[in-house]
Amino acid sequence: MTSILKVDEIQNTDGKTGIVITPDGSLESVKFPEQSNPSGRVITSTTMSSYEEGYYQTTFTPSTSGSITLSGSHRYLRYTKVNRTVYIYGKVDAVSVSNPKGFIHVSLPFPIDNESPAGLNDSRRFTGSVWVARASIGMTQFILYGIEGEGGVRLYRADTDINQPTSAELFGGNESIALSFFYHANE
């Protein structure tokens, strides 16, 4: 004799938290307890409904003109996405350039969120860690800057005003670039 237990939801005694399982048996979401009025915070969700990890092929595109080519075997960055928060990390190698000008646009697997609570226009902007070896300035003289609604993060020189983007000109085609940052995605 075989016994089968079918469960579509596991709840705590408060009836608000638990694990939700789809009809095919896969995990749909994990619900956490909601707090009412938690000391100056605005809670927008207490449900974790997605998790994804993998690699994506990134591109480095100069903002004004020219090109930067990444190595065929070292052009992938790793990502982990939990709900809408995306963690990016890894190292890529530039192998050739063709007269690059401007800042460098580093592609992302998901666009940066463009929604901000009222009055918080810059709340979706972010920075992260970047290290560039063999560029024409020091390896820590670069900065990452993410702007809401964009499909990539910007790589600027850290030793100048970001309104004077000249990071692409510092690449000669033999750089190793390590990146680590996180952001909120649009999807």
Selection count, the stretch 79-108, where residues are in contact with a His (Cβ under 9 Å, 6 or more places away or on another chain), closer than 14 Å to residue 182 by Cα and among the hydrophobic types (A, V, I, L, M, F, W, C): 1
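Being among the β-branched types (Val, Ile, Thr), part of a loop (DSSP other than H, G, I, E, B) and free of Cβ contacts under 8 Å to residues at least 40 places away in the same chain is the filter here, so list the residues in the stretch 60-117 that pass it.
Correct list: empty.
To keep it simple, each residue is scored yes or no on (1) out of contact with any Asp or Glu (no Cβ under 9 Å at 6 or more places or on another chain); (2) aromatic (Phe, Trp, Tyr); (3) at pLDDT below 90.
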{"site": "79", "(1), (2), (3)": "no, yes, no"}
{"site": "88", "(1), (2), (3)": "yes, no, no"}
{"site": "94", "(1), (2), (3)": "no, no, no"}
{"site": "105", "(1), (2), (3)": "no, no, no"}
{"site": "119", "(1), (2), (3)": "yes, no, yes"}
{"site": "123", "(1), (2), (3)": "no, no, yes"}
{"site": "127", "(1), (2), (3)": "yes, no, yes"}
{"site": "161", "(1), (2), (3)": "yes, no, yes"}
{"site": "185", "(1), (2), (3)": "no, no, yes"}
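The values are calculated or read from the model by the stated rules, or taken from the named source; none is laboratory data. Everything numeric in this text was worked out from a predicted model, so none of it was measured. When we count neighbours, we look across all protein chains shown, and the Cβ atoms used for this are built from the backbone with ideal geometry, even at glycine.
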